[in-house]
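Only one structure is covered here, and it is reproduced in the block below.
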Amino acid sequence: MHIYAKIAKNEVEHTFDEIKTAMIASTKDGMSATDNLYDWSKSFLHHIQKFNSVPFSSRDIDDLQLPSNIYVKELNQILNSNLEGIKNETIEHFKNTTVNNVKWREDPYNKIIECLWGCTECCPFCHEPCQYSDKEHVIQGNIHKCIQHRPLGLYGFMNEENNMIMLNSCNRLVRSPDEHLRHKHEYISEKCRTYYQSLFNGWEIRPFVDGNECQYWKYIMCRWKDQLQQFYGANTNDIDDEEWKSITVEDVVRSLNEIYICS
Ligand SMILES: [Zn+2]
Ligand SMILES: [Zn+2]
Ligand SMILES: [Zn+2]
């Protein structure tokens, strides 16, 4: 049996157990009362609703065409003899449902991806994605926020005077908003300037510099130093930092785990 059928079988068996329990309970309730099918079904509804697993409502009871010549005991016998068959049929239905013939009422893949992917906004400066996993966070009053920020040189930020690639991240930038920046791509530059003027509006960026941050991006910048220089026409001499060059792949993996998984 495939996993989907196994889960469904569990649920179906569980639900049918609840139906049986509700039937027994309502029959007990009715012992002293009249042999009235309508009263019995009302009582059944009361018991089954307590379990909260089968979405029965009073409408289902009202719509029932209850035969007038049947006693509660008989109805119970009929139901009991049929329940097992209905249960097996239901389980069979799930067993026969495979990846190839399943019909979703709502595409679960998109829902899962959307939930896992979270907020798709990126920091206007360093492009690090927002850390919130639900898209509604802004409406709920939490502005966008990043777990860490990337060195700005990665996206072509450089010193206006000497074209030196920027090694600082956004956390540093908010500390010194008068720092001169130059961006290779004018379009992004315009966009950034607007954001810059509004002082990172809509983003929570804490002003601090932590040496252990961005290990991954420091490693990447060292690794692709020449390409960064060619692509942005920036001076990349500052990347020749002894500390940056000493970062190993193991350091990077550890740092990413610490920052993204343990935080
Ligand atoms: Zn259940
Ligand atoms: Zn940033
Ligand atoms: Zn966000």
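The values are calculated or read from the model by the stated rules, or taken from the named source; none is laboratory data. Please read these numbers as outputs of a predicted model, since none were measured by experiment. In this analysis, Cβ positions are derived from the backbone assuming ideal geometry, glycine residues included, and neighbour counts consider all displayed protein chains.
State which residue is nearest to ligand 1 (Cβ to nearest atom) when the search covers only region 127-151 and only residues that are loosely packed, with under 14 Cβ neighbours inside 10 Å and of a type in the set (A, V, I, L, M). Explain how you work it out, then say what you get.
Our first condition is that a residue be loosely packed, with under 14 Cβ neighbours inside 10 Å; within region 127-151, this holds for 133-134, 136, 139-141, 147.
Now drop any that are not of a type in the set (A, V, I, L, M), which leaves 139, 147.
Details: ILE139: 33, ILE147: 37 Å.
Checking each candidate, the answer is ILE139.
Sort out which residues of region 18-52 are charged (D, E, K, R), within 33 Å of the chain's Cα centre (by Cα) and within 21 Å of GLN77 (Cα to Cα), and write them in order of number. Spell out how you get there, then give the answer.
Applying the first criterion (charged (D, E, K, R)) to region 18-52 yields 18, 20, 28-29, 35, 39, 42, 50.
Add one more test, that the residue is within 33 Å of the chain's Cα centre (by Cα), and what stays is 18, 50.
Across region 18-52, the qualifying residue is only GLU18.
For region 75-87, a residue qualifies if it is surrounded by 14 or more Cβ atoms within 10 Å (Cβ to Cβ) and either farther than 30 Å from ASN36 by Cα or not charged (D, E, K, R) (or both), and the qualifying residues are LEU75, ASN76, LEU79, LEU83.
So the check is Cβ under 9 Å with 6+ separation or different chains; which pairs have a first residue in region 110-134 that's within 27 Å of LEU173 (Cβ to Cβ) and among the β-branched types (Val, Ile, Thr) and a second one that's within 12 Å of ligand 3 (Cβ to nearest atom) and part of a loop (DSSP other than H, G, I, E, B)? Once the first residue is within 27 Å of LEU173 (Cβ to Cβ) and among the β-branched types (Val, Ile, Thr) and sits in region 110-134, its partners that are within 12 Å of ligand 3 (Cβ to nearest atom) and part of a loop (DSSP other than H, G, I, E, B) give THR120/CYS130.
Annotation: PRO55 fulfils all but one of (1) under 40 Å from the mean Cα position of the chain (by Cα); (2) under 19 Å from ALA25 (Cα atoms); (3) assigned to a helix (DSSP H, G or I); the unmet one is (3). Here region 18-51 is the region considered, the condition is being touching an Asp or Glu at 6+ places or on another chain (Cβ under 9 Å) and under 28 Å from THR97 (Cβ atoms), and the residue that is farthest from ligand 1 (Cβ to nearest atom) is ILE48.
Just one residue in the set THR15, THR90 is within 16 Å of ligand 1 (Cβ to nearest atom) and without any contact (Cβ under 8 Å) to a residue 40 or more places away in the chain; that residue is THR15. From the list LEU181, LEU199, which residue is touching a strand residue (DSSP E or B) at 6+ places or on another chain (Cβ under 6 Å) and either modelled with pLDDT under 65 or under 21 Å from GLU258 (Cβ atoms) (or both)? The unique qualifying residue is LEU181.
On the given criteria, is PHE94 part of a loop (DSSP other than H, G, I, E, B), surrounded by 12 or more Cβ atoms within 10 Å (Cβ to Cβ) and not hydroxyl-bearing (Ser, Thr, Tyr)? Write out each step before concluding.
Working: part of a loop (DSSP other than H, G, I, E, B): no; surrounded by 12 or more Cβ atoms within 10 Å (Cβ to Cβ): yes; not hydroxyl-bearing (Ser, Thr, Tyr): yes.
No, not satisfied.
From the list TYR109, TYR132, the lone residue that is outside the structural domain of GLU11 (by TED's automatic domain parsing), away from ligand 3 (no atom under 16 Å from the Cβ) and among the hydroxyl-bearing types (Ser, Thr, Tyr) is TYR109. Over 33 Å from the mean Cα position of the chain (by Cα) and either modelled with pLDDT of 80 or more or surrounded by fewer than 18 Cβ atoms within 10 Å (Cβ to Cβ) (or both), is that true of ASP210? Here the answer is no, as ASP210 does not meet what is asked.
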